[in-house]
Amino acid sequence: VQLQASGGGLVQAGGSLGLSCVASESIFRIKLMEWYRHTPGNERELVATIKSDGITTYSDFVKGRFTISRDNAKSQVYLQMNSLKPEDTAVYYCHIKAGLLAVSHYWGQGTQVTVSS
(Lines give C-alpha, C1' and ligand atoms only; values in the text may rest on other atoms or scores of the structure.)
Protein backbone atom coordinates (compact mmCIF):
# COMPACT_ATOMS: atom_id res chain seq x y z
CA VAL A 1 0.00 0.00 0.00
CA GLN A 2 1.31 3.41 -0.92
CA LEU A 3 0.06 6.79 0.23
CA GLN A 4 0.01 9.68 -2.19
CA ALA A 5 -0.01 13.13 -0.65
CA SER A 6 -0.93 16.16 -2.72
CA GLY A 7 -2.14 19.73 -2.43
CA GLY A 8 1.03 21.49 -1.36
CA GLY A 9 2.27 24.62 -3.01
CA LEU A 10 3.20 28.25 -2.55
CA VAL A 11 0.81 30.57 -0.76
CA GLN A 12 1.02 33.98 0.85
CA ALA A 13 0.77 34.39 4.59
CA GLY A 14 -2.86 34.39 5.64
CA GLY A 15 -3.84 32.12 2.78
CA SER A 16 -5.18 28.60 2.72
CA LEU A 17 -4.23 25.22 1.31
CA GLY A 18 -5.85 21.83 1.44
CA LEU A 19 -3.79 18.66 1.54
CA SER A 20 -5.03 15.24 0.54
CA CYS A 21 -3.61 11.80 1.13
CA VAL A 22 -4.93 8.83 -0.81
CA ALA A 23 -4.05 5.17 -0.37
CA SER A 24 -3.35 3.03 -3.42
CA GLU A 25 -5.71 0.40 -2.02
CA SER A 26 -8.11 0.09 0.85
CA ILE A 27 -6.61 -0.08 4.31
CA PHE A 28 -8.56 -2.02 6.88
CA ARG A 29 -8.68 -1.60 10.63
CA ILE A 30 -7.38 1.94 10.56
CA LYS A 31 -6.46 3.06 14.06
CA LEU A 32 -5.53 6.61 13.27
CA MET A 33 -4.56 8.98 10.50
CA GLU A 34 -2.10 11.80 10.98
CA TRP A 35 -0.25 14.63 9.34
CA TYR A 36 3.34 15.40 10.25
CA ARG A 37 5.67 18.06 8.95
CA HIS A 38 9.39 18.39 8.63
CA THR A 39 11.78 21.25 8.08
CA PRO A 40 15.54 20.86 7.48
CA GLY A 41 17.54 20.50 10.65
CA ASN A 42 14.52 19.70 12.76
CA GLU A 43 12.71 16.59 13.90
CA ARG A 44 9.55 15.58 12.13
CA GLU A 45 6.68 16.99 14.19
CA LEU A 46 3.12 15.87 14.59
CA VAL A 47 0.57 18.32 13.25
CA ALA A 48 -2.81 16.64 13.67
CA THR A 49 -4.38 13.27 14.41
CA ILE A 50 -7.78 11.77 13.75
CA LYS A 51 -8.52 8.49 15.47
CA SER A 52 -10.84 5.68 14.43
CA ASP A 53 -13.56 7.08 16.71
CA GLY A 54 -13.32 10.44 14.99
CA ILE A 55 -11.62 12.27 17.81
CA THR A 56 -9.15 14.85 16.54
CA THR A 57 -6.16 16.41 18.22
CA TYR A 58 -3.91 19.20 17.09
CA SER A 59 -0.52 20.54 17.98
CA ASP A 60 -0.67 23.89 19.67
CA PHE A 61 1.00 25.64 16.77
CA VAL A 62 -1.86 24.80 14.38
CA LYS A 63 -4.83 24.65 16.72
CA GLY A 64 -7.68 26.78 15.48
CA ARG A 65 -6.17 27.12 12.01
CA PHE A 66 -5.90 23.56 10.65
CA THR A 67 -8.61 20.93 10.35
CA ILE A 68 -7.99 17.22 9.82
CA SER A 69 -10.70 15.06 8.31
CA ARG A 70 -10.96 11.65 6.74
CA ASP A 71 -12.87 9.29 4.55
CA ASN A 72 -12.30 5.88 6.08
CA ALA A 73 -14.11 4.07 3.30
CA LYS A 74 -11.66 5.50 0.79
CA SER A 75 -8.63 5.40 3.13
CA GLN A 76 -8.16 9.11 2.60
CA VAL A 77 -7.13 11.83 5.03
CA TYR A 78 -7.22 15.58 4.49
CA LEU A 79 -5.72 18.63 6.12
CA GLN A 80 -7.33 22.02 5.60
CA MET A 81 -4.85 24.74 6.48
CA ASN A 82 -6.10 28.28 7.00
CA SER A 83 -4.42 31.45 8.17
CA LEU A 84 -1.09 30.08 7.07
CA LYS A 85 2.09 31.55 8.50
CA PRO A 86 5.64 31.52 7.12
CA GLU A 87 6.60 29.19 9.96
CA ASP A 88 4.17 26.61 8.54
CA THR A 89 6.58 26.15 5.64
CA ALA A 90 7.58 22.48 5.63
CA VAL A 91 7.20 19.18 3.88
CA TYR A 92 3.97 17.62 5.07
CA TYR A 93 3.61 13.86 5.41
CA CYS A 94 0.55 11.74 5.95
CA HIS A 95 0.65 8.67 8.14
CA ILE A 96 -1.84 5.88 8.67
CA LYS A 97 -1.59 3.33 11.45
CA ALA A 98 -3.66 0.24 10.96
CA GLY A 99 -4.04 -3.33 12.06
CA LEU A 100 -5.41 -5.34 14.93
CA LEU A 101 -2.76 -7.73 16.27
CA ALA A 102 -0.05 -6.77 13.81
CA VAL A 103 0.18 -3.00 13.40
CA SER A 104 1.29 -1.46 10.13
CA HIS A 105 2.46 2.08 9.48
CA TYR A 106 2.00 3.71 6.10
CA TRP A 107 3.67 6.98 5.09
CA GLY A 108 3.10 9.30 2.20
CA GLN A 109 5.97 10.72 0.20
CA GLY A 110 5.50 14.27 1.42
CA THR A 111 4.20 17.43 -0.16
CA GLN A 112 5.93 20.80 0.09
CA VAL A 113 4.08 23.73 1.60
CA THR A 114 5.74 27.13 1.30
CA VAL A 115 4.23 30.21 2.90
CA SER A 116 5.65 33.55 1.86
CA SER A 117 5.56 36.60 4.09
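With 0.36 nm allotted per residue and the present C-alpha distance subtracted, the Glu43-Asn82 stretch has 11.7 nm of extension available. For GluC sites (Glu not before Pro), the sites in segment 7-64 that DSSP calls loop and that have at most 12 other Cβ atoms within 10 Å are Glu25, Glu43.
Altogether, the Stokes-Einstein calculation at 4 °C and 1.567 mPa s, with the Kirkwood radius of segment 24-71 over Cα pairs as Rh, returns a diffusion coefficient of 108 µm²/s. Size descriptor for segment 1-48, Kirkwood hydrodynamic radius: 13.1 Å (Cα pairs only, one decimal).
Annotation: per residue accessible area for the chain equals 53 Å², rounded to a whole number [probe 1.4 Å, protein chains only]. The number of Lys pairs in segment 13-117 with C-alpha atoms less than 13 Å apart, excluding pairs fewer than 8 positions apart on the same chain, is 4. At q = 0.25 Å⁻¹, what log₁₀ I(q)/I(0) does segment 46-95 have when each alpha carbon counts as one equal point scatterer in the Debye sum? Result of the Debye calculation: -1.04. So the label point goes 7 Å from the Cα of Arg65 along Cα→C-beta, right? Which residues of segment 93-117 then have their backbone N under 19 Å from it? Correct set: 93-94, 111-117.
Could you pull out the chymotrypsin sites (Phe, Trp or Tyr not before Pro) across segment 10-111 that fall in loop regions by DSSP (anything but H, G, I, E, B) with no more than 15 other Cβ atoms inside 10 Å? Counting only loop positions with at most 15 other Cβ atoms within 10 Å, the chymotrypsin sites (Phe, Trp or Tyr not before Pro) in segment 10-111 are Phe28, Phe61. Given axes a ≥ b ≥ c from the Cα gyration tensor, I'd like to know whether segment 66-117 is rounded (a/c under 1.5), prolate (a/b larger than b/c) or oblate. Prolate, since a/c reaches 1.5 and a/b exceeds b/c. Which percent, to the nearest 5, of DSSP beta bridges fully inside the chain are antiparallel? Bridges in the chain that DSSP calls antiparallel: roughly 90 percent.
A simple spin-label model places the labels of Lys51 and Gln12 4.1 nm from each other, with each point 7 Å out along Cα-to-Cβ.
The values are calculated or read from the model by the stated rules, or taken from the named source; none is laboratory data. These numbers come from a predicted model, not from an experiment. Because the Cβ atoms are built from the backbone with ideal geometry, glycine has one as well, and the counts that use them run over all protein chains shown. Remember, those area values only see protein heavy atoms, side chains included, never the ligands or the DNA or RNA. Shrake-Rupley method; radii C 1.70, N 1.55, O 1.52, S 1.80 Å.
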